[in-house]
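The values are calculated or read from the model by the stated rules, or taken from the named source; none is laboratory data. Please read all numbers here as calculations on a predicted model, not as lab measurements. Here the Cβ is made from the backbone with ideal geometry for all residues, glycine too, and neighbour counts use every protein chain on show. Protein only, heavy atoms only, side chains kept; ligands, DNA and RNA dropped before computing areas. Shrake-Rupley method; radii C 1.70, N 1.55, O 1.52, S 1.80 Å.
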Amino acid sequence: MKKILKEVNLPLRTKIVALQTIVSLLIVIILLSISTNMVFEDKKAYLYDAVFSNVKTSNQLLERFFESKLLNSQTQNMTESLTREEIEHTLSLDKDLYKVRELVGDQYKEIYKNNSHEEKYRKNRDFLSQDENELMSLSFKSTKSKIVTDISFVKGKMPFFNIAIFHKEHHKTLVYTYVLDSIFEEIFSKKGYENALIRTSGDIVYKNIPYLFEDQEMSFYLKFFTQIQTLSEGAKKLGLKEEEKKNGDYMIAYKQLKSFPNFYIVSEINNKQAYSVTTTLAMKTLSYAIILIGFFNILSLFLSKSITNPLSTLLEGIQKISEGNYETKIEINSKDEFRQLANSFNEMGDKIIEYNNQLQEYNRTLEDKVNERTADLNSANDFINTMINSLDQGLLVFNELGKCQDTFTKPCEEFFKKSPKGERVKDLINPEDKNLFDEWVKNLFLEPIPFKSLIELGPKFIPTEQQPTQEGFKHITLNYYPMRDSQEKVSNVVLVATDKTKEFLANEKVKEQNDYIKFLSSVLSNRKEFNNLVKFFKEKFHDIETSSNKNWEEKESKDDLLMLLHSLKGGFSLFKMTKLTDSIHNYETFAGNNEIVTEDLIEQFKEFNTIIDSDIDKLNSLTQSDKEEIESIELSLAAVEHFEKTLASKGFKSISRQFKALFQKTPIKSYINSYIPMMKTLAIDLGKEIREVEIQGSELLVDKEFYEYFFSSCVHLFRNGIDHGIEVPDLRESLGKPRGGRVSINFEYLKEEEKSLIKFSVKDDGGGINPSKVREKMKSIGYDEASLSESDEEIIYHIFDMELSTAEVVTEISGRGVGLSDVKKRAEELGGKVNLFSQNGKGTTFEFLLPYR
């Protein structure tokens, strides 16, 4: 069909007329459809009101009929004082009354009969017959209810309205029977409607169109009223529905008889007949519209000539121009737009001739101009390359695949140790995780978040294994800039590499000097603790050094080595010895990755400690005066101790104890003084806040040396409390806590079973220990089911297990699972024990029971 339409070459006039016809027809159809729909909707609303009004009016008339007959029957004077003629005269006044019968025993005695009804149906007397049993049942009911009414109906016979009245004073029952044909004809005779009285069983008592009395009609009403009974109480009594019947669609209004709920008055309208006039009107309107369209099309044929003739002339001119005849002129004499179009066309021809002449001249000189322009471009390109290569920065461009383009500056070859041409940028930078780098490059071009935010996630410098002190070290920073297309999407990325070695080394020098100043300040403030730490380190190193010719693996376990390293790292960190702390942390990682303590590991440890020993010697030389002071104090203490023992041996035990308490003991707070500023500084470094540390019982006097190693290991306890226990301020505030965390320390002297003890407790109001997290960590590293099934109170004690840590990341502060194990071990070496109390989300208390010395 499409092929045929393409081959048909219709003239423009025909196309204009056809288009006008189609548009006009569409407009008429749309307007007719809208107006017809409005008319039909209006008609439908009218029919709804009419059929609804009809059924309600019919219902009212029939109800009044029943009420009037009931009233007449009740007021009839049937006393024995009246003669039969008088009774018959009274009853004959009601034309609808057919019979009056009196129940005698189980037989009826006819008192009155209206023969006019039998005369009316003399050809079919059976039409007026009644079911005697039904009348007997009605009479029996009246003896209980006094008055009983009923509509009796048998298919194919006259429907009757029966009233049974029980006269108690005369001990008799009278039954009044009324024919309903007259009242039905009066009520249901309205033309245009199908009116009927229907029983809910589907029986048609009366319908004004008798020829529709069919079994199929009764089946329809049975189904119809079965559905009605499922509706609400209001919808059962009165309603309107649209239903499909054998001979078409109907609007059916129904109203339940108040006197007889099993009977409904129904009024119906056939939709086809009801809308017949409206349909005819719509068809006539459509016919008139088509005739008018035809008339206007004939008129347009004549008018279209004024359009098509000038267009034909223009087409002929265009055809000649296309053939190269640029001198063609078009003459149109009309005084409309076509004449203006012809004039413009003629001017266009003149312009084409002019431009054609210029083009021929330009072609003649084109080769010279191309050579001249090429020379200019080459000169500009050389100038740009010279300018770019004179820069100290390395510039290169890479695409969304991470592949470098051919354009780059010379410093790139020096910075990346190769030419970037055709290389992948990840092979130039060598990031730690190349797959992650590929994802980052992909997102640079997709921009799920702003480009400026994305570059913060990428590498900021070229990784190098060289240390800043080594010759040839370079610190090359990396910056990234987007190149965007016309749609503002990233098409390429410019990488700018800058040699910042001088600035980096200068910053490192400043940082080293600042760390040195902090170190000196910390040592001068805590001279005793620093010298104790040096002493502890030298003792432990001496143990390792003297065991070099023995089976060191049997003498010292890997756990002992890790605890030693962790304790040293924690102790030196108190004195801001950053470089030394970093070195110990790196070696700790190296030692932790070995399954056992090998000879090679011991040898490397000794070499490593040679470096540490050199640093310590330098530091001790800076505090030589303190060292001499401590040595003199140690001599004095030795003399005091000798004097105390002499007093005891001479029998002066009471004086000996007082002397010892006065000269050989120290307040227990001296062991923890250095930890208070350490906790405050660490909190600031971690972006946390702590309130003033509360200390109780700090003046308790204890031995100056007995608790030294235990309290040295407690650095892990306080660092872990700040790192893992106290939450960041915003989180604490959201949990209803003060922004600053609280840490309290308590010392208490106890007497248990003739033993003297010190209870040392550290309490915080942080996040507490999560038993589920501890259990999950234990499961991941292979604990047995018996351990995993421990109660929450028992399971949290496993934080003291070696290498068990719930921290997600290992840092220089914590995370290896070594520190708390060392604290517990030192307490047990003194003969003490640890108690642990924690409530998830509310805080933790570490309680140490130690022998008192």
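Just name the residue that is nearest to the chain's Cα centre (by Cα) out of those in the range 812-834 that are modelled with pLDDT under 85 and β-branched (Val, Ile, Thr).
Ile813
Here is a check on your reading of the model: is Ser744 buried (at least 18 other Cβ atoms within 10 Å of the Cβ), of a type outside the set (A, V, I, L, M), assigned to a strand (DSSP E or B) and assigned by the TED database to the domain that holds Met679? Before you say what the answer is, go through the steps one by one.
Working: buried (at least 18 other Cβ atoms within 10 Å of the Cβ): no; of a type outside the set (A, V, I, L, M): yes; assigned to a strand (DSSP E or B): yes; assigned by the TED database to the domain that holds Met679: yes.
It is false that Ser744 is buried (at least 18 other Cβ atoms within 10 Å of the Cβ), of a type outside the set (A, V, I, L, M), assigned to a strand (DSSP E or B) and assigned by the TED database to the domain that holds Met679.
Answer with yes or no whether Leu731 is at pLDDT below 90, in the same structural domain as Asp685 (by the TED database), of a type in the set (A, V, I, L, M, F, W, C) and not in a loop (DSSP other than H, G, I, E, B).
no
Name every residue in the range 176-212 that is open to solvent by 20 Å² or more (accessible area, probe 1.4 Å), assigned to a loop (DSSP other than H, G, I, E, B) and on the phi < 0 side of the Ramachandran plot, in order of residue number.
Scanning the range 176-212 gives Ser189, Lys190, Lys191, Tyr193, Thr200, Ser201, Asp203, Asn208, Ile209.
Determine, yes or no, whether Asp406 is open to solvent by 100 Å² or more (accessible area, probe 1.4 Å), touching a Ser or Thr at 6+ places or on another chain (Cβ under 9 Å) and at pLDDT below 90. It would help to see each step written out before you state the result.
On the way: open to solvent by 100 Å² or more (accessible area, probe 1.4 Å): yes; touching a Ser or Thr at 6+ places or on another chain (Cβ under 9 Å): no; at pLDDT below 90: yes.
No: the conditions fail for Asp406.
Restricting to the range 428-468, and then to whatever is among the charged types (D, E, K, R) and more than 26 Å from the chain's Cα centre (by Cα), can you tell me which residue is modelled with the lowest pLDDT? Before the answer, list the steps.
Taking the range 428-468 as the starting set, the residues that turn out to be among the charged types (D, E, K, R) are 432-434, 438-439, 442, 447, 452, 456, 460, 465.
Remaining after also requiring more than 26 Å from the chain's Cα centre (by Cα): 432-434, 438, 452, 456, 460, 465.
Numbers: Glu432: 85, Asp433: 88, Lys434: 88, Asp438: 92, Lys452: 88, Glu456: 89, Lys460: 89, Glu465: 79.
Looking at the filtered set, the residue picked out is Glu465.
Which members of the range 413-423 meet the condition of being out of contact with any Cys (no Cβ under 6 Å at 6 or more places or on another chain) and in contact (Cβ under 8 Å) with a residue 24 or more places away in the chain?
If the condition is that a residue be out of contact with any Cys (no Cβ under 6 Å at 6 or more places or on another chain) and in contact (Cβ under 8 Å) with a residue 24 or more places away in the chain, then Phe415, Phe416 are the ones that fit.
Could you please let me know if Thr464 is assigned by the TED database to the domain that holds Asn399, touching a Ser or Thr at 6+ places or on another chain (Cβ under 9 Å), surrounded by 10 or more Cβ atoms within 10 Å (Cβ to Cβ) and not in a helix (DSSP H, G or I)?
Here the answer is no, as Thr464 does not meet what is asked.
Taking Leu495 as the residue in question, decide whether it is in contact with a Phe, Trp or Tyr (Cβ under 8 Å, 6 or more places away or on another chain), open to solvent by less than 30 Å² (accessible area, probe 1.4 Å) and free of Cβ contacts under 8 Å to residues at least 60 places away in the same chain.
no
In this structure, is Leu700 of a type in the set (A, V, I, L, M, F, W, C) and open to solvent by 20 Å² or more (accessible area, probe 1.4 Å)?
In short, yes.
Considering the range 768-786 alone, what residues qualify as being among the polar types (S, T, N, Q) and exposed (fewer than 15 other Cβ atoms within 10 Å of the Cβ)?
Ser772, Ser780
If you take the residues in the range 467-492 that are closer than 24 Å to Lys426 by Cα and of a type in the set (Val, Ile, Thr), which one is surrounded by the most Cβ atoms within 10 Å (Cβ to Cβ)?
It comes out as Ile476.
Given the condition touching a helix residue (DSSP H, G or I) at 6+ places or on another chain (Cβ under 7 Å) and at pLDDT below 80, answer yes or no: does some residue in the range 111-126 qualify?
Yes, the range 111-126 has at least one match.
When both residues are 6+ apart or on different chains and their Cβ atoms are under 9 Å apart, which pairs have a first residue that lies in the range 499-510 and is loosely packed, with under 11 Cβ neighbours inside 10 Å, and a second that is outside any helix (DSSP H, G or I)?
Lys502/His475
Here are the criteria: (1) open to solvent by 60 Å² or more (accessible area, probe 1.4 Å); (2) basic (Lys, Arg); (3) not in a helix (DSSP H, G or I). Tell me which single one Lys99 does not satisfy.
Among (1) open to solvent by 60 Å² or more (accessible area, probe 1.4 Å); (2) basic (Lys, Arg); (3) not in a helix (DSSP H, G or I), the lone unmet condition for Lys99 is (1).
Only one of Thr498, Thr477 is part of a strand (DSSP E or B), within 17 Å of Glu432 (Cα to Cα) and assigned by the TED database to the domain that holds Cys404; which?
Values: Thr498 fails: within 17 Å of Glu432 (Cα to Cα).
Of the residues listed, the single one that is part of a strand (DSSP E or B), within 17 Å of Glu432 (Cα to Cα) and assigned by the TED database to the domain that holds Cys404 is Thr477.
Residues that are free of Cβ contacts under 8 Å to residues at least 24 places away in the same chain and open to solvent by 100 Å² or more (accessible area, probe 1.4 Å): list the helices (runs of 4 or more DSSP H) wholly contained in the range 231-341 that include at least 3 such residues. Lay out the reasoning, then the answer.
On the way: elements: 233-237, 271-274, 276-322.
Those helices (runs of 4 or more DSSP H) span 276-322.
Out of (1) free of Cβ contacts under 8 Å to residues at least 24 places away in the same chain; (2) not in a loop (DSSP other than H, G, I, E, B), what's the single condition that is false for Thr173?
Of the numbered conditions (1) free of Cβ contacts under 8 Å to residues at least 24 places away in the same chain; (2) not in a loop (DSSP other than H, G, I, E, B), the odd one out for Thr173 is (1).
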